[in-house]
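The values are calculated or read from the model by the stated rules, or taken from the named source; none is laboratory data. These figures come from a predicted structure and were not determined experimentally. Cβ placement follows ideal geometry from the backbone for every residue including glycine, while neighbour counts extend to all protein chains displayed. The protein model used for the area step is the full one, side chains on, heavy atoms only, and it has no ligands, DNA or RNA in it. Shrake-Rupley method; radii C 1.70, N 1.55, O 1.52, S 1.80 Å.
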Amino acid sequence: MEKVNCQSCKQEIPLIEPYVQFNCPECGKPIARCESCRTFGHSYKCECGFEGP
């Protein structure tokens, strides 16, 4: 399995932990966010430059 890193904190997300993965609305690349960063509303930035809450 491929490792998944949180786009906000850049930490590897253990596959047994809850996380969300979705496609960037600008370029379509996958973005993963860990439960902690989602809960606290930490921002993220895609490789294309798109930023989200």
Q) With each pseudo-label sitting 7 Å past Cα toward Cβ, what's the Asn5-Lys45 distance in nm, one decimal? A) 1.4
**Q.** 5 angstrom amide H check on Val4, placed H, neighbours 5+ away
**A.** Ile13
Q. Once phi is turned into θ = phi - 60°, what whole-Hz ³J(HN,Hα) does the Karplus curve with 6.51, -1.76 and 1.60 give for every residue of the range 21-30, x standing for Gly and Pro?
A. 10, 8, 8, 4, x, 8, 10, x, 6, x
Q: Among the GluC sites (Glu not before Pro) in the range 4-38, which ones are in a DSSP loop with at most 13 other Cβ atoms within 10 Å of the Cβ? Mind listing them?
A: Glu26
(Q) 5 Å is the cut-off here: which amide hydrogens, built 1.01 Å from N in the peptide plane, fall below it relative to Tyr44, excluding neighbours closer than 5 in sequence? (A) Gly52
**Q.** Sites matching trypsin sites (Lys or Arg not before Pro) across the chain that sit in DSSP coil, with at most 14 neighbouring C-beta atoms within 10 Å
**A.** Lys3, Lys10
Q) Roughly speaking, what is the stretch gain from Arg38 to Phe22, that is 0.36 nm per residue apart minus the C-alpha to C-alpha distance, in nm to one decimal? A) 4.5 nm
Q) From the square roots a ≥ b ≥ c of the eigenvalues of the alpha-carbon gyration tensor of the chain, which class results: rounded (a/c under 1.5), prolate (a/b over b/c), or oblate? A) oblate
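Relative contact order for the range 4-47: what percent, with Cα pairs under 8 Å and sequence separation of 6 or more?
Worked out over the range 4-47, it gives 40 percent.
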**Q.** Surface share of carbon and sulfur [accessible, 1.4 angstrom probe, percent] for the chain
**A.** 49
